[in-house]
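K.L.:
Just dropping this structure here.
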Amino acid sequence: DEEVKFTAFSEWCGKTQRMKADEIAAGNEKMDELKAFIDKSVVKIKKLTERIQELEEDVGRWESDQKAATDVRTKEEADYTATLTDYSESLDALDGAIAVLKKQAYTRNQAELVQAFLQIRRQR
């Protein structure tokens, strides 16, 4: 009876040892797979981090370019507005001069014409 129990126990131990060895081997294989996956992921993370830094630099450059372009456009708008105002005032002065000259519809020499323009200019 003791021999039967020992044989059964010995078989159980052998079977358990083989099962545990298989489980350990499977675990080691899974660990190797996971280590390889981690190594691949680390490389991928490094590449993507570098790409992110490149893109951030691009965005920074683009924002700086946009700011510079906006500044130029703002200055150009101010110049345009000043020029437009000047031209509008000049056209208004010419319209006024033409109206004055039409009211005084007679022939005059050049010196009188200059004097008339100067008077109109002083009125503004």
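The values are calculated or read from the model by the stated rules, or taken from the named source; none is laboratory data. Owing to the predicted nature of the structure, the values given are computational and were not obtained by experimental measurement. Here the Cβ positions follow ideal geometry from the backbone for every residue, glycine too, while neighbour counts run over all protein chains shown. All accessible areas refer to the heavy atoms of the entire protein, side chains included, with ligands and DNA or RNA removed. Shrake-Rupley method; radii C 1.70, N 1.55, O 1.52, S 1.80 Å.
K.L.:
Just need a number here: residues in the range 11-30 that are open to solvent by less than 100 Å² (accessible area, probe 1.4 Å) and under 53 Å from the mean Cα position of the chain (by Cα).
P.N.:
4
K.L.:
Here's another thing I want to ask about it. Which numbered condition in (1) of a type outside the set (Lys, Arg); (2) open to solvent by 100 Å² or more (accessible area, probe 1.4 Å); (3) closer than 30 Å to ARG121 by Cα is the only one that ILE45 fails?
P.N.:
The one condition ILE45 does not meet is (3).
K.L.:
Next up: Name the residue, out of GLU76, GLU3, GLU63, that is part of a helix (DSSP H, G or I) and either exposed (fewer than 10 other Cβ atoms within 10 Å of the Cβ) or basic (Lys, Arg) (or both).
P.N.:
The match here is GLU3.
K.L.:
Kindly indicate whether any position in the range 112-120 is of a type in the set (D, E, K, R), at pLDDT 85 or above and out of contact with any strand residue (DSSP E or B) (no Cβ under 8 Å at 6 or more places or on another chain).
P.N.:
no
K.L.:
Using beta carbons and a limit of 7 Å, which pairs, at least six apart or on different chains, have the first residue in the range 90-104 and more than 11 Å from GLN119 (Cβ to Cβ) and the second one outside any helix (DSSP H, G or I)?
P.N.:
Partner pairs satisfying both residue conditions: ALA93/ARG124.
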